[in-house]
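Here's the structure, in structure tokens; my notes come after.
All of the numbers you see were taken from the coordinates with simple rules; none came from a lab. In this text the structure is predicted, and so the values were computed from the model without any measurement. Here the Cβ positions follow ideal geometry from the backbone for every residue, glycine too, while neighbour counts run over all protein chains shown.
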Amino acid sequence: MTNPIYIDQKEILKRYKQPDKHTHKGIQGHALIIGGSYGKIGAVSLSSKACLKTGCGLVTVFIPKCGYTILQTAIPEVIVLTDIQEEIISDITFEITPQAIGIGPGLGQAVETQNALYQFLKTNRIPLVVDADALNIISKNKKLLALLQPKTIITPHPKELERLIGKWDSEEEKMRKAISFSKQYQVIIVMKGAPTQIIDGETVYQNTTGNAALATAGTGDVLTGMITSLLAQSYEPIAAAILGVYLHGLTADIALPETGYQSFIASDVIANIGKAFLSLEKLE
């Protein structure tokens, strides 16, 4: 097996781009987050807020109608587009041209939603992050994998990974299967876990930030928003994945002395993204 490249400060500073002092929102990237279903609008709230806080100039969400008031109230900075359906996503159509799209948080797996995802993937050419129920739908319909553009980023937790690549008996076997999956479909796999590993063909990166506090509902939705944000800011897909995972873990390291493991929640990741970025500025 190839030895992993450790994602530490040195690796991050190779990739991190300082913000331009003369920038404006029109050149800071426009990201679209697609997801949500009745009872799971919170996932899109977390994702889109994290997307904004990671430096994206403009964030639009595409959600079922039932989430309209929630999103407009919870995150006034986000633009909201809605599906024709009240409780699920059934037809993904939008007039905007985002630089990156994150799909899956809170999406649900209704039959109409599965079909909507298929239709969307058939025509989408915009850099993409695929998470949560979008991954679960793909594992039920493996032919959808062929529709993913090269260097699409997928962010499975262990169970979602197993549905995609099959069961494994050892860490070595898991790694072997994940590498071969990444090569076959030309996707970047963010294998969430302790530690999180990123697989880009034969190359494996291992994250060095984060702690057990991240094992709480919604932190994956936040990570999706963060990576989508960096992708929209024209980072290369692998750099967006590496930087997103590193910053995400760093927020938990920064917050831990104040929150402890027990009371850390996904919103605490978002609240500490600024401090995580500031710690990079100090290293420069």
- Query: Is there a pair in Lys143/Lys167; Lys40/Lys282; Lys14/Lys65; Lys143/Lys275 whose C-alpha atoms are over 31 Å apart, and which pairs would that be?
  - Reply: Lys40/Lys282; Lys14/Lys65; Lys143/Lys275
- Message: Tell me the volume per residue, in Å³, of the convex hull enclosing the alpha carbons of the chain.
- Response: 122
- Taking Cα pairs closer than 8 Å and at least 6 residues apart, the relative contact order of region 1-60 in percent is 36
- Everything considered on the Cα gyration tensor (a ≥ b ≥ c; rounded for a/c under 1.5, else prolate if a/b is larger than b/c, else oblate), region 19-126 must be described as oblate
- Query: Which whole-number percentage describes the relative contact order of the chain, with Cα contacts under 8 Å and a sequence gap of 6 or more?
  - Reply: 22
- Task: Would you mind pulling out the separation of the Cα centroids of region 154-181 and region 50-105, in Å?
- Result: 30
- Item | Amide H within-cut-off set for Ile5, under 5 Å, with H built and near neighbours excluded | Val204, Tyr205, Gln206
- Note on the structure: With Gly104 itself left out, Lys, Arg at +1 and Asp, Glu at -1 over residues whose Cβ is under 12 Å from its Cβ give -3
- Fully extended, how many nm does the chain gain between Ser170 and Asn124 (0.36 nm per residue separation, minus their Cα-Cα distance)? 13.0 nm
- Along each principal axis, Cα extent of region 132-205, largest first, Å: 27, 21, 17
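Given contacts defined as C-alpha pairs under 8 Å and at least six residues apart, what's the relative contact order of region 1-147, whole-number percent?
Relative CO of region 1-147 lands at 22 percent.
Tally Lys/Arg at +1 and Asp/Glu at -1 over every other residue whose Cβ is under 13 Å from the Cβ of Tyr235; what's the total?
It works out to a net charge of +3.
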- Given the options Lys183, Lys49, Lys159, state which has the largest fluctuation in a GNM of the chain using a 10 Å cut-off (strictly under) for Cα springs. Lys159
- Item | Dipole of the chain, positive end: most advanced residue of Ile12, Gln149, Ser90 [Cβ charges, Cα centre] | Gln149
- In a shell of Cβ-Cβ distance under 11 Å around Ser90, excluding Ser90 itself, what net charge do Lys and Arg (+1) and Asp and Glu (-1) give? -4
